[in-house]
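Notes follow once the structure below has been shown.
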Amino acid sequence: MGGDVEKLSAAQLEQWHTDGYLHLESVLTQSEVKHFLQEMDRIRALPGYEPDNDPELPMGHYKWLESAKDLDTNGFMDRRDLLIYSPAFIDLMDQAPIFDYILQIMGPNIMLSMTQAIVRNASDKFPGYTHTDGGESLRRIQVTENSPPIAVKAMFVLTDVTEEDSGNLTVFPGSQRNQIPYDSDRMMTPYSPGAAQLMGKAGDVYLFPHSLWHGPAKNLSSNSRKILLYNYCQLWVRSYDHNVTPDIAQKCSPRQRRLLGDLGYDFRPGSHFYVPKDQEQVMAKA
Ligand SMILES: O=C(O)CCC(=O)C(=O)O
């Protein structure tokens, strides 16, 4: 793909294939961390997509609300579709080195499928949960070890998580290849056998495929745990998040627009089936 791109080492790739996740340290600078934390505080008071108990909403769907329900900056927040809020959220979609690693792992025929900001407040009421991403469908599909994954998530950690039960991302290493039986009475939780609660520092990133069993542990610490999530999928799978308005499109570079599904021509039946001829070139140019 040319250019000066950062690459995962052979040892990291082996860990990716074996454990199904990577913990990359100090990816964001402390000033980037500070900026994104301030942005999370700011957008909480703004309208956006948040979870809601509206019985009219199908499972997993978000609702457009006037603000987060809790306006305390350490209270719970789960905001989707972040690109509308600032250029920093747009630029994070293809920032080095994480996007270089995503291209290395997934290949060039990809798009951005979701963005999300989550605050897991300290609470003894939240038991944590465990799941795969992509719902019932993707869970049933297991690619071979060396295949590019169908969908991958980058979790940007914005607050230190240095002890267990601090809202840690909890993973089941290897479960991307050896799926855990799910059509049974067995309920997976972050405390089921095989679970590993990950530690991390503000600025670190975890990469994992949607097929890895994962989820947040309880947060019994005295701090809120704050993260950003950027998801990527193979181009034909398509985004399940973004409304790409003209305003967002005009703030994006050609590569960012392509990642949002703009193929360089108007959509018509057949688009997204084959990749555009210039896909590799567009992905290679930051
Ligand atoms: O850690 C969280 O708050 C949620 C993360 C998660 O479950 C996910 O990335 O799907």
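The values are calculated or read from the model by the stated rules, or taken from the named source; none is laboratory data. For clarity, every value in this text was computed on a predicted model and none was experimentally measured. Glycine gets a Cβ as well: all are built from the backbone with ideal geometry, and neighbour counts include every protein chain shown.
Odds and ends about this structure:
- All told, PRO193 falls short of being within 30 Å of VAL244 (Cα to Cα) and in a loop (DSSP other than H, G, I, E, B).
- Residues of region 40-82 that are acidic (Asp, Glu) and touching a residue at least 60 places away in the same chain (Cβ under 8 Å): ASP81 alone.
- Hey, SER113 of a type in the set (Gly, Ala, Ser), in contact (Cβ under 8 Å) with a residue 60 or more places away in the chain and surrounded by 20 or more Cβ atoms within 10 Å (Cβ to Cβ) or not: yes
- Pair list, Cβ under 9 Å, 6 or more apart: region 137-157 residue modelled with pLDDT of 95 or more, other residue among the basic types (Lys, Arg): VAL157/LYS201; VAL157/ARG225; VAL157/LYS226
- TYR129, sole failed condition from (1) at pLDDT 95 or above; (2) away from the ligand (no atom under 14 Å from the Cβ); (3) part of a loop (DSSP other than H, G, I, E, B): (2)
- Scan of region 272-286 for residues that are in contact with a Gly (Cβ under 9 Å, 6 or more places away or on another chain), within 18 Å of SER239 (Cβ to Cβ) and part of a loop (DSSP other than H, G, I, E, B), ordered by number: HIS272, PRO276
- Filter result (assigned to a loop (DSSP other than H, G, I, E, B) and within 21 Å of the chain's Cα centre (by Cα)) within region 166-187: GLY167, ASN168, PHE172, PRO173, GLY174, SER175, GLN176, ARG177, GLN179
- Some residue of region 73-87 being under 15 Å from MET155 (Cβ atoms) and more than 16 Å from the ligand (Cβ to nearest atom): no
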